[in-house]
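Below: the structure, in structure tokens.
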Amino acid sequence: MGVTCVCQMPVAEGKSVQQTVEILTRKLELLGAEKQGTFYVDCETYHTAASPMGNQGQQGKLMYVMHSSEAPLSCYALFENGPCLIADANFDVLMVKLKGFFQNSKANKIESRGTRYQYCDFLIKIGTVAMGPSARGISVEVDYCPCVIVNDCWNLMVEFMQSFMGSHAPGLPSVFSNKHESVYSPADTMVQYMELLNKIRKQQQGPVSGIR
């Protein structure tokens, strides 16, 4: 893994999520990108259980437990505005045992699934973001594999993303703000997915009642 950018692609006017995904993948294939299997990223939201002695009106701190097909033996736990813990897959079992402290709702689960593409030194993943059976949005992940320093490859990444995303190519992700000269890590990718999936979840908050 090199430097990775994760962003949202708006649904094309008059098109469905699936039709927009097909448009994107067709553009990649015309560039010469080749399919390299599939991928997924999922995210479940946990909140701290209410304390009997605490303020009942106080909102609990949120934690996001995430999995990625790129790291099938790992589990990521990300706190709101806090650190990212990387653990093994048994972390899910631990969360069940901690249900007195952290609680979740299966209705909160959101995931992105789609196809991986390879184009020269780029790995591209176009995913359909879904909550339950309903498609909610589109994720685009672009990984420039040979480089681990953001400053050394960001302009090249933007130019490549513009080749198939056009004017929807993203600006510099917020996770890069303090990483211009430091080494990029897989945890940075999961932070970007957490921010993207939360953004899409909130955009759909109206039609999907009861989901944060």
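For I149, indicate whether it is open to solvent by less than 10 Å² (accessible area, probe 1.4 Å) and either over 25 Å from T48 (Cα atoms) or in contact with a Leu (Cβ under 7 Å, 6 or more places away or on another chain) (or both).
no
State whether one or more residues within segment 132-147 are more than 17 Å from F39 (Cα to Cα) and without any contact (Cβ under 8 Å) to a residue 12 or more places away in the chain.
Scanning segment 132-147, I find at least one residue that is more than 17 Å from F39 (Cα to Cα) and without any contact (Cβ under 8 Å) to a residue 12 or more places away in the chain, so the answer is yes.
Kindly indicate the residue of segment 186-207 that is polar (S, T, N, Q) and open to solvent by less than 30 Å² (accessible area, probe 1.4 Å) and also modelled with the lowest pLDDT among those meeting that condition.
Ranking the qualifying residues of segment 186-207, first place goes to N198.
Could you please find all residues in segment 154-164 being open to solvent by less than 20 Å² (accessible area, probe 1.4 Å) and either among the hydroxyl-bearing types (S, T, Y) or over 21 Å from E195 (Cβ atoms) (or both)?
Selection gives F160, F164.
Suppose we keep only residues that are closer than 23 Å to R201 by Cα and among the aromatic types (F, W, Y) within segment 76-130. Which one would you say is least open to solvent (accessible area, probe 1.4 Å)?
Y76
Identify all residues within segment 26-51 that are modelled with pLDDT of 95 or more and crowded, with 18+ Cβ neighbours inside 10 Å; write none if there are none.
Correct list: L28, A33, F39, V41.
Where in segment 93-208 are the strands (runs of 3 or more DSSP E), entirely inside, with at least 3 residues that are within 20 Å of the chain's Cα centre (by Cα)?
Once the strands (runs of 3 or more DSSP E) in segment 93-208 are filtered for at least 3 residues that are within 20 Å of the chain's Cα centre (by Cα), what remains is 110-119, 122-131, 134-144.
Could you tell me whether any residue of segment 176-185 is open to solvent by less than 30 Å² (accessible area, probe 1.4 Å), at pLDDT below 85 and closer than 15 Å to V6 by Cα?
Among the residues of segment 176-185, at least one is open to solvent by less than 30 Å² (accessible area, probe 1.4 Å), at pLDDT below 85 and closer than 15 Å to V6 by Cα, which makes the answer yes.
The values are calculated or read from the model by the stated rules, or taken from the named source; none is laboratory data. As the structure is a computational prediction, the values presented were derived from the model and not from experiment. A quick note on method: Cβ atoms are made from the backbone with ideal geometry, for glycine too, and the neighbour counts reach across all protein chains shown. With ligands, DNA and RNA removed, areas are computed over all heavy atoms of the protein, side chains included. Shrake-Rupley method; radii C 1.70, N 1.55, O 1.52, S 1.80 Å.
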